[in-house]
């Protein structure tokens with residue numbers, strides 16, 4: 001038996017309280033989609049000190065993030081960076097939210113020999129890194145990661161044209177390249193070196209919960225465990241109701257015999 005979201009929310013007590021129906025709901029519930037999806041969240045950079053090396057700090061889903069390395073003068077924080085466009089270049093693969101929702105970017109020029117390092121106050125699972133305008137049309141730029149291996153997620157042109165970044169081994173390259181990579185695993189820090197060009201930008205993100213668990217009036221299908229518990233509770237109500245009716249019959253019958 002299949003259960004539609006409406007049936008899951010509005011099925012009558014009378015129907016659900018039969019043992020056969022409960023068994024069907026418990027099994028069928030295992031095929032329903034469960035819970036909220038994971039969404040990508042991005043670092044809100046709140047301070048920066050220009051230099052090579054310089055530094056920056058912010059928060060990522062409540063985790064403090066610290067960056068030491070080159071911070072070039074085109075760095076823009078405070079939600080004023082408009083370069084994370086078009087959305088199609090920064091939304092895809094495991095990435096469900098564009099860095100444009102925060103609109104911060106740390107700028108590099110490749111003047112610092114490195115390493116540049118992002119450090120998380122608490123370990124982060126599967127962090128992602130967005131790149132904007134990496135390299136020029138005639139000047140390729142390469143990021144070489146020292147303790148993490150990037151995997152390509154999405155990329156494409158930006159407002160200046162260009163194309164997607166490319167990934168090979170532990171390097172990310174571009175000629176006016178844009179896009180996002182993921183580092184699979186759990187990380188307390190990510191370090192890299194990068195090569196010289198006019199300037200280019202990056203920011204850091206990770207996966208976080210999209211929102212609260214489904215509740216009354218949300219319009220979402222209950223999770224399998226919730227349906228199973230609901231069905232069990234309703235069976236209990238049915239059993240209790242039947243016992244009550246039997247008790248009332250016994251009392252009435254006894255009274256009649258008197």
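The values are calculated or read from the model by the stated rules, or taken from the named source; none is laboratory data. Here the structure is a predicted model, which is why all the values come from computation and not from measurement. FYI the Cβ positions are ideal-geometry reconstructions off the backbone, even for glycines, and counts take in every protein chain you see.
Just one of the listed residues (114, 110) is buried (at least 20 other Cβ atoms within 10 Å of the Cβ), touching a strand residue (DSSP E or B) at 6+ places or on another chain (Cβ under 6 Å) and either free of Cβ contacts under 8 Å to residues at least 24 places away in the same chain or part of a loop (DSSP other than H, G, I, E, B) (or both), and it is 110. Take residue 84 and decide whether it is at pLDDT 95 or above and not in a strand (DSSP E or B). Answer is yes for this residue.
Residue 41 satisfies every condition listed in (1) part of a strand (DSSP E or B); (2) surrounded by fewer than 21 Cβ atoms within 10 Å (Cβ to Cβ); (3) at pLDDT 95 or above except (2).
When the range 143-162 is limited to residues that are surrounded by fewer than 18 Cβ atoms within 10 Å (Cβ to Cβ) and farther than 20 Å from residue 96 by Cβ, the one that is nearest to the chain's Cα centre (by Cα) turns out to be 149. The residues listed here are 166, 88; of these, the one that is out of contact with any strand residue (DSSP E or B) (no Cβ under 6 Å at 6 or more places or on another chain) and touching a residue at least 12 places away in the same chain (Cβ under 8 Å) is 88. Look at the range 57-81 and say how many of its residues are closer than 14 Å to residue 40 by Cβ and outside any strand (DSSP E or B). Selection size over the range 57-81: 1.
The set of residues in the range 127-140 being buried (at least 17 other Cβ atoms within 10 Å of the Cβ) and either more than 22 Å from residue 161 (Cα to Cα) or without any contact (Cβ under 8 Å) to a residue 40 or more places away in the chain (or both) consists of 127, 128.
Just one residue in the set 170, 178, 126 is under 25 Å from the mean Cα position of the chain (by Cα) and on the phi > 0 side of the Ramachandran plot; that residue is 126.
Considering only the range 121-135, I want to know if a residue exists there that is touching a strand residue (DSSP E or B) at 6+ places or on another chain (Cβ under 9 Å), more than 22 Å from residue 95 (Cβ to Cβ), modelled with pLDDT of 95 or more and part of a strand (DSSP E or B). Yes, the range 121-135 contains a residue that is touching a strand residue (DSSP E or B) at 6+ places or on another chain (Cβ under 9 Å), more than 22 Å from residue 95 (Cβ to Cβ), modelled with pLDDT of 95 or more and part of a strand (DSSP E or B).
Cβ separations smaller than 7 Å between residues 6+ apart or across chains give the following pairs from the range 195-215 residues that are closer than 20 Å to residue 65 by Cα to residues that are in a loop (DSSP other than H, G, I, E, B) and at pLDDT below 95: 206/61; 208/61; 209/36. The single condition among (1) over 24 Å from the mean Cα position of the chain (by Cα); (2) over 24 Å from residue 48 (Cα atoms) that residue 115 does not satisfy is (2).
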